[in-house]
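The values are calculated or read from the model by the stated rules, or taken from the named source; none is laboratory data. Given the structure is predicted, the values throughout are model-derived calculations rather than measurements. In this analysis, Cβ positions are derived from the backbone assuming ideal geometry, glycine residues included, and neighbour counts consider all displayed protein chains.
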Amino acid sequence: MKLLTLSVATLAITLTGCADIQKQTGVDGKSAAAAGGAAIGCIGGALLAKISGQNAAGACIAGAVVGGLIGFEKARQDEITAASKAQQDAIAALAPLSVGRQVKAGEIKTVEVTATDKTKNETKKYQAFDSVSVDIPISAKGTPEYDAAISKLKTLAEKVADERGSSKIDIAMTAADAKANKVTLETASAKTAKGNTVTVSKVADNTVQKGIERVTVRAGKLEQTVVS
């Protein structure tokens, strides 16, 4: 009966997932993922202890630590997946335009971060989302397709800001294109519904192809994180 109870509890937490943890507690996405990992790790450790006749309480604690690191890693992977999807969705939104074939996906860049198990004082390294970009023909501006594509990238920026505390959107084109299209090079900021900052900068960048606008979403810095 105890074995059955633990199995059902494990399944319940797995089905509940990080989204419900976030909804119920109000924590950010990466913390919810870590919390979910810790809970699953705790129950998994206790379950294995029961099967093998070991101490369940100690196994729960050990499992929670491993689960926390697993949760942290999952949150980082989820960020990269979300960036890739937003990029693909933006490109798909522009596909119907005659200039759709000129739209290019930039590299999804990552940066190495660390997470520390404060119980064991052990540090592990992970790849975390840093930035993603899409090159869009300037001639697409003013169309519903362009607006839809920008909306996809804006939604990503807001999501990242809520998970990291801040994010940036850089809109870059050559200095000549900025002048020809009367684009004011400036920086402004806006708040997400949760009160986090998204900074939008219009910049001149002569490495961008002429006639192209490069829209880049950048994540706020993820500090070294301690999990338990």
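Could you tell me whether Ser167 is under 20 Å from Ala83 (Cβ atoms) and crowded, with 19+ Cβ neighbours inside 10 Å? Break it down stepwise before answering.
Details: under 20 Å from Ala83 (Cβ atoms): yes; crowded, with 19+ Cβ neighbours inside 10 Å: yes.
Here the answer is yes, as Ser167 does meet what is asked.
Just wondering, is there one or more residues in segment 62-79 that are surrounded by 19 or more Cβ atoms within 10 Å (Cβ to Cβ), within 30 Å of Gly211 (Cα to Cα) and modelled with pLDDT of 95 or more?
No: zero hits.
Could you identify the single residue in Thr119, Thr110 that is in contact (Cβ under 8 Å) with a residue 24 or more places away in the chain and more than 23 Å from Leu153 (Cα to Cα)? Steps first, please.
Values: Thr110 fails: more than 23 Å from Leu153 (Cα to Cα).
Exactly one residue qualifies, and that residue is Thr119.
Against the conditions (1) crowded, with 19+ Cβ neighbours inside 10 Å; (2) within 28 Å of Lys182 (Cα to Cα); (3) not β-branched (Val, Ile, Thr), where does Phe129 fall short? Just the number, please.
Every condition holds for Phe129 apart from (2).
Starting from segment 163-179, keep only residues that are over 16 Å from Glu213 (Cβ atoms) and of a type in the set (Val, Ile, Thr), then list their pairs with residues that are at pLDDT 95 or above and not in a helix (DSSP H, G or I) whose Cβ atoms are within a distance under 9 Å, requiring at least 6 positions of separation or different chains.
Taking only residues 6 or more apart or on different chains, not a single pair turns up.
Any idea which of (1) in contact with a helix residue (DSSP H, G or I) (Cβ under 9 Å, 6 or more places away or on another chain); (2) surrounded by fewer than 18 Cβ atoms within 10 Å (Cβ to Cβ); (3) of a type in the set (Gly, Ala, Ser); (4) over 24 Å from Thr81 (Cβ atoms) is the one Ala140 doesn't satisfy?
Unmet condition: (2).
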